[in-house]
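The values are calculated or read from the model by the stated rules, or taken from the named source; none is laboratory data. Computed from a predicted model, the values in this text were never measured in an experiment. Here the Cβ positions follow ideal geometry from the backbone for every residue, glycine too, while neighbour counts run over all protein chains shown. The accessibility values were calculated without ligands, DNA or RNA, using every heavy atom of the protein model including side chains. Shrake-Rupley method; radii C 1.70, N 1.55, O 1.52, S 1.80 Å.
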Amino acid sequence: MIAETVCSAVAAAGLGIAAVTAYRKRFLAATRIAAYSLVPLGLVMTGVVDWLADTAFSPTAWAGFAVLGLSWVLFSTTRAVERRRGTRKERRAARGAQQEAVAPTASAPSLGPATRTPAARPAGRTRATGSAGEDFSDIEAILKKHGI
C-alpha cells in the first residue's frame, strides 16, 4: 500500500513539474518529464509494484535469485575454461603458425642501392651540398618504392 502511494505521489509531482516546464514554453522537455513521471503510475496499475514487493520480502524468491546467480557463475566459468583449453598438439600448431606468419628476413632492409640518373631529378631544383643530395635520393627511393 505504501509503495502505491509513493509511486502515485511521484507521478503527480512529475506531472506538476511538466506543467511548469510547458508554461515556460519548453514543450519538448515538458513532454519528456511527463513521460518519465507516468512510468511509476503505470507500474502500480499493472501490478508490477505488488509483484516486486512480494518478491523482495520472500525468502524463496531470494533463494531463487541465489540459484540463478550460481548458475550464471558456473556457466561463465565453463565458457572461460573452454576458451583457454586446448590440447598440447593444438598449442604447438598455433605457436608454429605464429612463427611462420612473419618472414625470416622481414627485419632485413628491403631497399637495394639507390640508382638514379641525372635526368630523373626535377629541373627547377638545385642542391647546395653533395651530401644532402644523397640523403634526399634515399628518401626519394623509398617513396618511389611505395608508389608515392
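General observations
Matching residues to (1) free of Cβ contacts under 8 Å to residues at least 40 places away in the same chain; (2) in a helix (DSSP H, G or I); (3) exposed (fewer than 13 other Cβ atoms within 10 Å of the Cβ); (4) of a type outside the set (A, V, I, L, M, F, W, C):
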position: A13; (1), (2), (3), (4): yes, yes, yes, no
position: A22; (1), (2), (3), (4): yes, yes, no, no
position: L28; (1), (2), (3), (4): yes, yes, yes, no
position: S37; (1), (2), (3), (4): yes, yes, no, yes
position: W51; (1), (2), (3), (4): yes, yes, yes, no
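- Residue in the stretch 7-28 that is closer than 30 Å to F65 by Cα and among the β-branched types (V, I, T) present: yes
- Only residues that are open to solvent by 100 Å² or more (accessible area, probe 1.4 Å) and assigned to a loop (DSSP other than H, G, I, E, B) were counted across the stretch 55-87, and they come to 2.
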